[in-house]
Structures are given as C-alpha cells and as structure tokens.
1. So, in the stretch 21-66, of the ones that are of a type in the set (Gly, Ala, Ser) and under 14 Å from Glu240 (Cα atoms), which residue ends up farthest from ligand 3 (Cβ to nearest atom)?
2. Any residue that is in contact (Cβ under 8 Å) with a residue 12 or more places away in the chain, within 16 Å of ligand 1 (Cβ to nearest atom) and crowded, with 20+ Cβ neighbours inside 10 Å - is there at least one of those in the stretch 70-85?
3. I'd like to verify a number: residues in the stretch 210-256 that are more than 16 Å from ligand 2 (Cβ to nearest atom), in contact (Cβ under 8 Å) with a residue 60 or more places away in the chain, part of a helix (DSSP H, G or I) and surrounded by 12 or more Cβ atoms within 10 Å (Cβ to Cβ), how many?
4. Taking the stretch 186-195 on its own, how many of its residues are within 23 Å of Cys215 (Cα to Cα) and more than 16 Å from ligand 2 (Cβ to nearest atom)?
5. With respect to Leu5, determine if the residue is surrounded by fewer than 21 Cβ atoms within 10 Å (Cβ to Cβ) and either within 16 Å of ligand 3 (Cβ to nearest atom) or at pLDDT 95 or above (or both).
Amino acid sequence: MKDFLLNEGIEFFALVPLSRCKVIKEYLLTKNGFDENANLIMMLFPYRSVHTPVNLSVYASVMDYHLYVKGLEARLHEYVSAKFPSAKFKVFADHSPIDEVHGACISGLGFIGDNGLLINEKYSSFVFLGECVTDLTPKELGIEYAQDAKVKECLHCGRCAAVCPSGCIKKAGGVDEFNPKSLCLSAITQKKGVLSQEESRQILENGSVWGCDICQNVCPYTKKAEYTPIEFFKNNVITELSSELLRGLSDEEFSSRPFAWRGRSVIERNLTLFEKGKING
Ligand code: B12
Ligand code: SF4
Ligand code: SF4
C-alpha cells in the first residue's frame, strides 16, 4: 500500500483506527458497511500550483478535487482487490464521515492553525484532506498505526485573525481560534439566494468570487511552502474567472470545477456582482 500511495505522489499519509476519529456523519459509515473496527488511511493532497489566481481562491482555481479522489479510488480498487478481493474500502474527502482536520492532526500529518486549518510543514494549509476507510488490518495494509504523539501548535502569531474580513478568527482563552459561527467569506461566496448588502460588500472588497484564502496567504508557514507535485492540480488552472469565461465552459467542463456543485447561478451571481462593482468603482 505504501508503494501505491508514493507512486500516486501522496507522500503524507498515516493509518488511524476509526475509534480515534471524530465521527460527524455516521450514516456514511453504515451505508458503506463499516463497523467500529474500521481503519482509516488519512491522506494529504497538496493542491497549490505556480499559477496564482486573481479573483478566486486557489482551491476554486484548480480542477475539482472530488474528481481526483474518484480517480484515486478507482486505481486503488484495482490495486487492492488484486490481493484482497473481498476487502471493503472507500475513499472520502470533504463529504466525509469524520472531522478531517482533527483526523489528519491526530495522525501526525500536521497541526491545527488558529485559522482552523490543518497546516503541514512542507505544503502549509494548501492541502486537501481525504481518507480511505477500510476493513483491512495494519498488517494487511503494511502500515503501522500512527503514534499518539503530542499535537504541535501553530505560531499563534495573530496574522490570520488580524486580516480575516469576517472576524471568524477570535481570541479565545489567550489564543486565536476559528469560530465558524460568524460567517466566513468562503461560506458567503457559496451561499444560495440573494446576498445581504454586507455579504455583497465582503465579496466586492475582498475580490474573490469563490472561496477565501486570506488567512492562509498571510500565514508564515505559507511563505516557505512548496507547490503541489500532483499533476491533476497543475493542469487546467483558471487564474481569472469572468462571466464570459464561465459562459464559454461546456456543461462537462463546468462540472469539473469546484464551484459546480452549487450550480451555475451562484457563481454567476458573484461574478455579476464583482464585474458591476469593478465597472462602478
Ligand atoms: C463545513 C466546512 C466548511 C465551512 C465551515 C468551516 C468550519 N470549520 O466549520 C466553510 C464553508 C466556512 C469552509 C471553508 C473553508 N474550507 Co472547509 N470544510 C468543511 C467540512 C466539510 C466540515 C467541517 C466540519 O464541520 N468539521 C466538524 C466541526 C465540529 O469542526 P470544527 O468546528 O471546525 O472544529 C474541529 C476541528 O477543527 C478540530 N480542532 C480544532 N482545533 C483543534 C486542536 C487540536 C489539537 C485538535 C486535535 C483538533 C482541533 O476539532 C474541532 C471539533 O471537532 C470539512 C471537511 C470535513 N469533513 O471535515 C471542510 C474542510 C475543513 N475545508 C477545507 C477547505 C480547503 C476550506 C477553505 C480553505 C476553502 C476556501 N479556500 O475557501 C475554507 C477555509 C475556512 C477556514 N478558515 O476554515 C479543507 C481544509 C484543508 C485543511 N488544510 O485543513 C477541508 C478539510 C475539506 C477537505 N477535504 O480538504 N469549510
Ligand atoms: S497566521 Fe499565525 S496564528 Fe494564524 S494559523 Fe498561521 S501561524 Fe497560526
Ligand atoms: S477563509 Fe477568509 S473569512 Fe474565512 S476565516 Fe479565513 S480569512 Fe476569515
């Protein structure tokens, strides 16, 4: 299994028992036939390439990582079932049974920043998190469980809290902490329906039509971070999105972008707002 993952360009992975993870969507486990004895191979997928996006977040500028995970699962299926034909396994990312930031953190793949994100020493927080849930044992997988080591902390330098436009990162107990209850700009850009004046102002002022990277860009770990080695994330990067470019995308091309899950109307609304704002002011 180690060789398979390394061949895929996945250099950060670790095995944890499900019992150590925080389950947030139990039904995804039961639906796929997993019980409490399941194991998880937690994986990091670095995604930042040399192309710096102008008016959207890095995650929105690259091809949809859900597609990457689908491809990875198909290749893994071929690899594993040759040796263990009755093994159960499923790869999740984002729409996942567990709190992935917590899972990656306890697996030793990084630490949690005050911006709420998993920071890896090599790639900073520009890593997607995913996990292969399986009924295979550590011995069958050829990977030992990750050590239950003391979790490292970020620098608590306060830069992310100082620049966050939504005030999501607040002082709590002496350190800054991510507070998802106030509305993160990333969530505003993905919201359906009509936006309030304040929400529209946030999109315009911060110049992003999908997602927000402000707290990641200022983080000292990002300054020294490396770019992705994974081909999937290096190709077809959209650095500047416009209504015209969006209209030119075929339905198939559109569905391979990370903003497609909300349908065309939400991203169109943001672009119209952005383009009008640009013309007016
Ligand atoms: C809902 C969601 C959002 C929501 C709400 C975010 C939130 N934190 O609640 C919105 C839309 C705002 C959002 C935005 C973004 N998201 Co998001 N999101 C998720 C999702 C689907 C679920 C998060 C969740 O509900 N967790 C459960 C709740 C209870 O956790 P929580 O309150 O955040 O805090 C927990 C952990 O942080 C952890 N924890 C906190 N501190 C500590 C300290 C220690 C020591 C430990 C061990 C644990 C720990 O324990 C807490 C309690 O369980 C996850 C995927 C997943 N399945 O986990 C992606 C995920 C967190 N998002 C991701 C990304 C990339 C983003 C954006 C960067 C996208 C963008 N560019 O716009 C932004 C960043 C915003 C930010 N600063 O967090 C990545 C993060 C990758 C990383 N390196 O960490 C994830 C993991 C998706 C993925 N598979 O890659 N997201
Ligand atoms: S900017 Fe500073 S406080 Fe925020 S996550 Fe990075 S190191 Fe931590
Ligand atoms: S993604 Fe943007 S709005 Fe959300 S916490 Fe980070 S800086 Fe604040």
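1. Going residue by residue through the stretch 21-66, those that are of a type in the set (Gly, Ala, Ser) are 33, 38, 49, 57, 60-61.
Adding the requirement that they be under 14 Å from Glu240 (Cα atoms) leaves 57, 60-61.
Numbers: Ser57: 8, Ala60: 12, Ser61: 15 Å.
Out of the qualifying residues, it is Ser61.
2. Among the residues of the stretch 70-85, at least one is in contact (Cβ under 8 Å) with a residue 12 or more places away in the chain, within 16 Å of ligand 1 (Cβ to nearest atom) and crowded, with 20+ Cβ neighbours inside 10 Å, which makes the answer yes.
3. Residues in the stretch 210-256 being more than 16 Å from ligand 2 (Cβ to nearest atom), in contact (Cβ under 8 Å) with a residue 60 or more places away in the chain, part of a helix (DSSP H, G or I) and surrounded by 12 or more Cβ atoms within 10 Å (Cβ to Cβ): 2 in total.
4. To start, the set of residues in the stretch 186-195 that are within 23 Å of Cys215 (Cα to Cα) comprises 186-191, 195.
Still in the list and also more than 16 Å from ligand 2 (Cβ to nearest atom): 187-191, 195.
Of the residues in that region, 6 qualify.
5. Details: surrounded by fewer than 21 Cβ atoms within 10 Å (Cβ to Cβ): yes; either within 16 Å of ligand 3 (Cβ to nearest atom) or at pLDDT 95 or above (or both): yes.
Answer is yes for this residue.
Residues are listed down the side, and each one gets a yes or a no for (1) at pLDDT 90 or above; (2) in contact with a strand residue (DSSP E or B) (Cβ under 8 Å, 6 or more places away or on another chain):
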{"site": "Gly110", "(1), (2)": "yes, yes"}
{"site": "Ser124", "(1), (2)": "yes, no"}
{"site": "Glu140", "(1), (2)": "yes, no"}
{"site": "Ile143", "(1), (2)": "yes, yes"}
{"site": "Ala146", "(1), (2)": "yes, yes"}
{"site": "Cys160", "(1), (2)": "yes, yes"}
{"site": "Cys168", "(1), (2)": "no, yes"}
{"site": "Ala172", "(1), (2)": "no, no"}
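The values are calculated or read from the model by the stated rules, or taken from the named source; none is laboratory data. What you see is a predicted model, and the numbers here were worked out from it, not measured in a lab. FYI the Cβ positions are ideal-geometry reconstructions off the backbone, even for glycines, and counts take in every protein chain you see.
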